[in-house]
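Following: one structure in structure tokens, then a few remarks.
The values are calculated or read from the model by the stated rules, or taken from the named source; none is laboratory data. A quick note: this is a predicted structure, and the numbers were derived from the prediction, not measured. Counting neighbours? That spans all protein chains shown, and the Cβs are built from the backbone with ideal geometry, glycine included.
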Amino acid sequence: MNYSKKGLVYWLPRILGILFVLFISLFSLDVFGEYKGMAVIVPLVMHLIPSFILLTVVCVSWKYDLVGTVIFIAFAVWYTWTVASEGYWFWSVTLSGPALLVGILFLANWFSQRKNRYIN
């Protein structure tokens, strides 16, 4: 595998993982419509807890790709199970699709590094 493909396989899940966390974080902005002043702090932090967890997962996955694989794929399966079971398939695909993609890309990077370890 040439160096540009190695770099792409390494960086793509990390960048998309950060973008996914930012995308999830956008949904917490709805608290500004309901609360005013200092009363917005607690609901905002509560809405950002999943983002903080996924950001921590991205940081840990920077070194350990399998952690990102397991957590992002588990998040995608869990979210699909909970949301699609209520009949909201579009919401399920909107959030679980990118999470599944990030998990698969972390897995691809893990396989790539493992393959290169045995070749070199």
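Taking residue 80 as the residue in question, decide whether it is of a type in the set (S, T, N, Q) and touching a Leu at 6+ places or on another chain (Cβ under 6 Å). Against the criterion (of a type in the set (S, T, N, Q) and touching a Leu at 6+ places or on another chain (Cβ under 6 Å)), residue 80 does not qualify.
For residue 26, the criteria (1) in contact with a helix residue (DSSP H, G or I) (Cβ under 8 Å, 6 or more places away or on another chain); (2) under 22 Å from residue 15 (Cα atoms); (3) among the aliphatic types (A, V, I, L, M) hold in every case but one, which is (1). Test residue 27 against the stated conditions and say whether it is surrounded by fewer than 17 Cβ atoms within 10 Å (Cβ to Cβ) and touching a residue at least 60 places away in the same chain (Cβ under 8 Å). No: the conditions fail for residue 27.
Exactly one residue out of 68, 97 is free of Cβ contacts under 8 Å to residues at least 40 places away in the same chain and not acidic (Asp, Glu): that is 97.
When the residues of the stretch 63-106 are filtered to those that are in a loop (DSSP other than H, G, I, E, B) and aromatic (Phe, Trp, Tyr), the one that is modelled with the highest pLDDT is 64.
The set of residues in the stretch 17-43 being of a type outside the set (Gly, Ala, Ser) and closer than 30 Å to residue 105 by Cβ consists of 18, 19, 20, 21, 22, 23, 24, 26, 27, 29, 30. Residues that are surrounded by fewer than 18 Cβ atoms within 10 Å (Cβ to Cβ) and among the acidic types (Asp, Glu): does the stretch 52-69 have at least one? Scanning the stretch 52-69, I find no residue that is surrounded by fewer than 18 Cβ atoms within 10 Å (Cβ to Cβ) and among the acidic types (Asp, Glu), so the answer is no.
Can you confirm whether residue 60 is free of Cβ contacts under 8 Å to residues at least 60 places away in the same chain, farther than 24 Å from residue 14 by Cβ and not in a loop (DSSP other than H, G, I, E, B)? No: the conditions fail for residue 60.
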